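Note sheet for the following structure.
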């Protein structure tokens, strides 16, 4: 079986070496880049199955790299690595289309769990996935193209956003708690925080709601999670 390929973009040579050793030890094929420009070139040439992307890099930072990748590729999973741990960094990364983020310093088991959870939901992981369009209100999202339309506005969706929409649409009207949503969309026994979910929902609302501050379709159930209505 062909090894899954991961691109690691990290300007700290010691951290990069450690990540490469960890991932190769787990059976992944690994490409490496020490700056943002090299990361973009490697992504274009090697077509990895997943990208680990440091935020603070020379040439182009991780946000710029993620933005450029998402202009041409809405599917390949991206996990941002940030040393700052500042909320604004996480929000910006997710809004640009990153699937998840990991704050340095992180444990090997945490990182591997995040990688495996994202890869399970990445491209080509399920031959039986439902590619029927998701339609509600004046919104239509096509899983085959990873693009959506709300009225006259078009937008891209990330694999994670698509997973959320599929779950919401399949359980319309239910008050879904955050842990259930994370387990279904991020992976069983997800080890991150529920804040990750809230940030993704906020980004999704900006795309599918006419007034994200007063959502009609994805509403908050205080103390529980979210409810979807078409």
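Computed values, structure above
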read-out: Matching residues in the range 191-209 - criterion: being surrounded by 19 or more Cβ atoms within 10 Å (Cβ to Cβ) and at pLDDT below 85; value: 196
read-out: Qualifying residue in the range 54-74 (condition: modelled with pLDDT under 95 and in a strand (DSSP E or B)); value: yes
read-out: The lone exception for residue 144 - which of (1) assigned to a loop (DSSP other than H, G, I, E, B); (2) without any contact (Cβ under 8 Å) to a residue 12 or more places away in the chain; (3) surrounded by fewer than 18 Cβ atoms within 10 Å (Cβ to Cβ) it fails; value: (2)
read-out: Members of the range 47-59 found to be without any contact (Cβ under 8 Å) to a residue 60 or more places away in the chain and either over 20 Å from the mean Cα position of the chain (by Cα) or under 18 Å from residue 102 (Cβ atoms) (or both), listed by number; value: 48, 51, 53, 54, 55, 56, 57, 58, 59
read-out: Which listed residue, of 23, 40, 7, 19, is buried (at least 18 other Cβ atoms within 10 Å of the Cβ), in a strand (DSSP E or B) and at pLDDT 90 or above; value: 7
read-out: Flag if residue 90 is modelled with pLDDT under 90 and in contact with a helix residue (DSSP H, G or I) (Cβ under 8 Å, 6 or more places away or on another chain); value: yes
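The values are calculated or read from the model by the stated rules, or taken from the named source; none is laboratory data. It should be emphasised that the depicted structure is a prediction, and the values quoted were computed from it without experimental measurement. Don't worry about glycine lacking a Cβ; one is built from the backbone with ideal geometry, like all the others, and counts go over all protein chains shown.
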